[in-house]
1. As a footprinting exposure proxy, order Arg87, Arg76 by other Cβ within 10 Å, with the fewest listed first.
2. Subtract the Cα-Cα distance of Val69 and His30 from 0.36 nm times their separation in residues, and report this length gain in nm to one decimal.
Amino acid sequence: MTRRARELRRNSSDAEQRLWSVLRASGFAHAKFRRQAPIGRYIVDFVSFEHRLIVEVDGGHHQQSDQVVHDTNRTRWLESQGFQVVRFWNNEVLTEYEAVQDAILQAIENRCNYRPFVRRSPSP
């Protein structure tokens, strides 16, 4: 899995490279992102483990019906692990760059305010 992640990092799309240049910059919403990171049996494009936030950048092949099913199952599993998954098309990252950044910042802010429900035992 690690070898495949390295290969994906070397062969990233223009959109992934552009987004990575911002996400890796120190101070982007005080969030540390990793790229092409293995999580379970999947490799995600970008992840902030601290915020449990995954950012995916999808090319045209993600519109094919078999890929849509795969992506849906993948997203459900990642969400079941406590991650929020946000997706953008390649062309969105390249042409609507500021809107993509704003959406990621909003997701980070929402995750900062997110507190998972923890059932506590009643006090004795």
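1. With the fewest neighbours first, Arg87, Arg76 line up as Arg76, Arg87.
2. On the way: separation 39, 0.36 × 39 = 14.04 nm, distance 3.36 nm.
Result for the pair: 10.7 nm of gain on full extension.
Values in this text are rule-based calculations from the coordinates and carry no lab data. Worth saying up front: this structure is predicted, and the values here are computed from it rather than measured. Heads up, the Cβs are rebuilt from the backbone with ideal geometry, glycines too, and the neighbour counts pull from every protein chain shown.
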